[in-house]
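Heads up, the thing below is written out as structure tokens.
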Amino acid sequence: QVQLVESGGGLVRPGGSLRLSCAASGSIFRLYTMAWYHQAPGKQRELVARITSGGGTNYADSVKGRFTISRDNAKKMVYLQMNSLKPEDTAVYYCAAERLGEVVNWGQGTQVSVSS
């Protein structure tokens, strides 16, 4: 099973950028679909972006054109580049490994706060 550790969260002003990283362990990382979810206080956890083992991507409508998900299978890393950040992007961001449409493991989460 893959283990996940996120990093890169923090406080940023509106319009700023952050890059989140997710380090994975496990020998079959390349076979997993990887995703980023976020959860704001009092709200459900929601999908932000997903990247398949073949590199196909999809995004939540709210982040299209601003966020980019990528992966490096050799380094077992997943990234989320977040540009033009808005206050409503404030949330805990979780890295997730998915197989056959189901999340099989979560990272511990990293806080992203967007405020002036």
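The values are calculated or read from the model by the stated rules, or taken from the named source; none is laboratory data. Everything quoted here is computed from the prediction, not taken from an experiment. Methodologically, a virtual Cβ is constructed for each residue, glycine included, from the backbone with ideal geometry; neighbour enumeration extends over all protein chains shown. Keep in mind that these areas ignore ligands, DNA and RNA; they rest on the heavy atoms of the full protein, side chains included. Shrake-Rupley method; radii C 1.70, N 1.55, O 1.52, S 1.80 Å.
Data table
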{"item": "Estimated inter-spin distance, ARG30 and LYS75, nm [label 7 Å along Cα→Cβ]", "result": "1.7"}
{"item": "Accessible surface of the chain, 1.4 Å probe, proportion on carbon and sulfur as whole %", "result": "47"}
{"item": "Value of Rg to Rh for the chain (Rh from inverse mean 1/r over Cα pairs, i.e. Kirkwood)", "result": "0.95"}
{"item": "Sparse-neighbourhood loop sites, chymotrypsin sites (Phe, Trp or Tyr not before Pro) in region 1-68 - DSSP loop, at most 13 other Cβ within 10 angstrom", "result": "none"}
{"item": "All lysines inside 19 Å of LYS43 as judged from Cα atoms, apart from same-chain residues fewer than 8 positions distant", "result": "LYS86"}
{"item": "Point-to-point label distance, GLN44-SER113, nm (Cα→Cβ direction, 7 Å offset)", "result": "2.8"}
{"item": "Accessible area in the full protein assembly, largest first, 1.4 Å probe, for THR33, THR52", "result": "THR52, THR33"}
{"item": "Whole-Hz couplings from phi, Karplus 6.51/-1.76/1.60, listed for region 71-88; x for Gly and Pro", "result": "9, 10, 5, 5, 8, 6, 10, 10, 10, 10, 8, 10, 10, 6, 5, 10, x, 6"}
{"item": "Per residue, in Å², the accessible surface of the chain once ligands and nucleic acids are set aside, probe 1.4 Å", "result": "52"}
{"item": "Candidate residues ASP72, ASP89, ASP61: accessible-area rank, largest first, probe 1.4 Å", "result": "ASP61, ASP72, ASP89"}
